[in-house]
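The values are calculated or read from the model by the stated rules, or taken from the named source; none is laboratory data. Note that this is a predicted model, so its numbers are computed, not measured. Cβ coordinates were reconstructed from backbone atoms using ideal geometry, including for glycine residues, and neighbour counts include every protein chain displayed. Side chains included, ligands, DNA and RNA excluded: accessible areas come from the protein's heavy atoms. Shrake-Rupley method; radii C 1.70, N 1.55, O 1.52, S 1.80 Å.
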Amino acid sequence: MAIIPFLNNATFAGDVALTGGSLSISGDGSNAVTFTESGNGDFTIDAPDDIRLDAGGGDLVLRAAGTEFGRISKSSNDLSITSSVTNSDILLIPNGTGNVGIGTTSPGSKLTVAGDVLINSGEYISWGTAGATSIEGSTTSNKLQFRTNSSDRMIIDSSGKVGIGITTPT
């Protein structure tokens, strides 16, 4: 490894190219941050402590082959992960147990939510085919309905009346 000592700041005009190997940067001669290109396009940053990215614009932009596909942003006091591709999903694929936790660090099932869950509009929770076996809450008619085999089985209407086997309780 060649070490080039600089007594003060160094400025390079133009491109700096390294062929093979790694680039290490250290402020005190130890605790270097090392940048390594694998030879197949992978880039690794190895640091003895945290790696911090400070984006003045507030976004960390993710690109593949020059095309933006997502952003990690600061929105007010929130962390926002957004897809930049129309009609695409954001997939959370954990490594390990396969469980995802919201509001918990130890999820006990595929999805564990510690706290309230709010569904903003008339939506449902389904098992199997969407809506076939489900619990649906409607903000329009203020009712709660239970379905099996794609048929309403029980409805609680906005006045609290319960209908079992009928769609309009009396």
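Values as computed for the structure displayed
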quantity	calculated
Output for segment 57-79, where each listed residue is open to solvent by 90 Å² or more (accessible area, probe 1.4 Å) and either touching a residue at least 12 places away in the same chain (Cβ under 8 Å) or charged (D, E, K, R) (or both)	Arg63, Phe69, Lys74, Asp78
Thr82 being open to solvent by 100 Å² or more (accessible area, probe 1.4 Å) and farther than 30 Å from Asn142 by Cβ	no
Qualifying residue in segment 110-125 (condition: among the charged types (D, E, K, R), touching an Asp or Glu at 6+ places or on another chain (Cβ under 6 Å), surrounded by 10 or more Cβ atoms within 10 Å (Cβ to Cβ) and within 30 Å of Ile164 (Cα to Cα))	no
Selection count where residues are open to solvent by 50 Å² or more (accessible area, probe 1.4 Å) and out of contact with any Phe, Trp or Tyr (no Cβ under 8 Å at 6 or more places or on another chain), scope segment 131-146	7
Cβ-Cβ under 8 Å pairs, at least 6 apart or on other chains, segment 86-105 side free of Cβ contacts under 8 Å to residues at least 24 places away in the same chain and on the phi > 0 side of the Ramachandran plot, far side surrounded by 11 or more Cβ atoms within 10 Å (Cβ to Cβ) and in a strand (DSSP E or B)	Gly103/Val113
Exclusive hit being in a loop (DSSP other than H, G, I, E, B), open to solvent by 60 Å² or more (accessible area, probe 1.4 Å), in contact with a Lys or Arg (Cβ under 7 Å, 6 or more places away or on another chain) and farther than 30 Å from Phe43 by Cβ, set Ser158, Ser106	Ser158
Any hit, segment 48-56, residues being in a strand (DSSP E or B) and either open to solvent by less than 100 Å² (accessible area, probe 1.4 Å) or not basic (Lys, Arg) (or both)	no
